[in-house]
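Here's the structure we're looking at; comments come further down.
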Amino acid sequence: ILKIVAAEYVRDMILRLTFNDGCIKICDFAPLATKGVCTKLRNLDYFKNFKLDPFSVDWNNEIGFAPEYLYEIGQAA
């Protein structure tokens, strides 16, 4: 089961994510923050206030993305 084990704010709406397989990806969330509740991510104070849940990054139990999806869209670090 793929999991995110570490996450670090880089800049703007970009996080550096470390997965349990050792892969590190740079994920830009700006393209994901265009609709619905995800528009909250445009507020950088809100964006920076993420937590790790048992599998992925989470924003206030409101917004989360499957680790497999973030792995797929992320760029190798």
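Taking the Cβ of Leu17 as the center, what net charge do the other residues with Cβ under 10 Å away carry, scoring Lys and Arg +1 and Asp and Glu -1? Before the final figure, lay out the partial values.
Values: positive: Arg16, Lys25; negative: Glu8.
Taking every Cβ under 10 Å from that of Leu17, the sum is +1.
For a quick size check, give me the Cα extents of segment 35-76 along its three principal axes, largest first, whole Å.
25, 21, 18
Hey, what's the chain come to in accessible area per residue, 1.4 Å probe, Å²?
Details: 4610 Å² over 77 residues.
Ligands and nucleic acids excluded, the result is 60 Å² per residue.
Given a 1.4 Å probe and every protein chain left where it sits, what share in percent of the accessible area of the chain is carbon and sulfur?
On the way: 2340 of 4610 Å².
It is 51 percent, rounded to a whole number.
Run the dipole for segment 29-77 about the Cα centre, Lys and Arg Cβ at +1, Asp and Glu Cβ at -1, nothing else charged, and hand back the magnitude in debye, nearest 20. Before the final figure, lay out the partial values.
On the way: 5 positive and 6 negative charges, 49 e Å.
For this selection, approximately 240 debye.
Taking the Cβ of Asn61 as the center, what net charge do the other residues with Cβ under 11 Å away carry, scoring Lys and Arg +1 and Asp and Glu -1?
Numbers: positive: Lys51; negative: Asp53, Asp58, Glu62.
Taking every Cβ under 11 Å from that of Asn61, the sum is -2.
Between Asn60 and Asp45, what is 0.36 nm times their sequence separation minus the Cα-Cα distance? Round to one decimal in nm. Mind showing how you got there, number by number?
Numbers: separation 15, 0.36 × 15 = 5.40 nm, distance 1.22 nm.
This chain segment gains 4.2 nm when fully extended.
Need one number for the chain: average projected area of the convex hull over its C-alpha atoms, nm². Could you put the intermediate results ahead of the total?
Values: hull surface 18.1 nm².
Dividing the Cα hull surface by four gives the mean projection, 4.5 nm².
The values are calculated or read from the model by the stated rules, or taken from the named source; none is laboratory data. Everything quoted here is computed from the prediction, not taken from an experiment. Every residue, glycine as well, gets a Cβ built from its backbone with ideal geometry; the counts of neighbours run over all protein chains shown. We work out accessible area using only protein heavy atoms, side chains counted, and drop any ligands, DNA or RNA first. Shrake-Rupley method; radii C 1.70, N 1.55, O 1.52, S 1.80 Å.
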